[in-house]
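The structure appears below as structure tokens.
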Amino acid sequence: MTGMSPGAATITISRREPADVKDRQIVVSLDGESFGTLLYGDQVSRDVAPGPHRLRAHNTLFWKTVDLELAPDEHARFVAINRAGFGTYSLLGLLGVGPLFLTFQREGPPPK
């Protein structure tokens with residue numbers, strides 16, 4: 001965390017779900033700036049100013065965008081998962097590569 005002034009909000013993104021295929025990186029940006037690159041097992045956190053933000057995540061094939069409004073002292077947690085879809089393993093066996101679908105969503109109760 002960056003140690004911003006009191007009242008800062010925090011965003012944490014983890015990639016630790018057992019359903020993840022544990023392959024290919026997930027690249028995350030916040031408001032157009034690099035936030036981090038996640039391999040399986042990684043987690044990254046950053047303090048940010050309260051207010052509106054846009055998180056974007058991609059695994060080089062699929063993109064997800066989340067717009068959010070953070071209150072002072074709020075901690076928003078997200079999970080990122082690369083998961084296999086229908087036909088992924090068939091293509092993997094045939095071509096050596098297959099599409100990995102991206103799940104990128106907020107964890108916990110919905111904000112009030």
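Here are the numbers:
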{"quantity": "Computed E for Asp73/Glu107 - FRET, C-beta separation, R0 25 angstrom, nearest 0.05", "calculated": "0.90"}
{"quantity": "Distant-in-sequence amide H partners of Phe35 (H built 1.01 Å from N, under 5 Å)", "calculated": "Val28, Ser29, Leu30"}
{"quantity": "Cα-based Kirkwood hydrodynamic radius, the range 9-106, one decimal, Å", "calculated": "14.0 Å"}
{"quantity": "Additional length obtainable on full extension of the chain from Leu30 to Asp47, 0.36 nm per residue less Cα span", "calculated": "5.0 nm"}
{"quantity": "Relative contact order (%) - criterion: Cα under 8 Å, at least six apart; region: the range 9-106", "calculated": "32 percent"}
{"quantity": "Net +/- balance of residues flanking His53 in space, Cβ distance below 9 Å, scoring K and R +1, D and E -1", "calculated": "-2"}
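Since every read-out is calculated from the coordinates, none of them should be taken as a lab result. Note that the structure is predicted; figures quoted are calculated from it, not measured. Neighbour counts run over all protein chains shown; Cβ positions are idealised from the backbone, glycine included.
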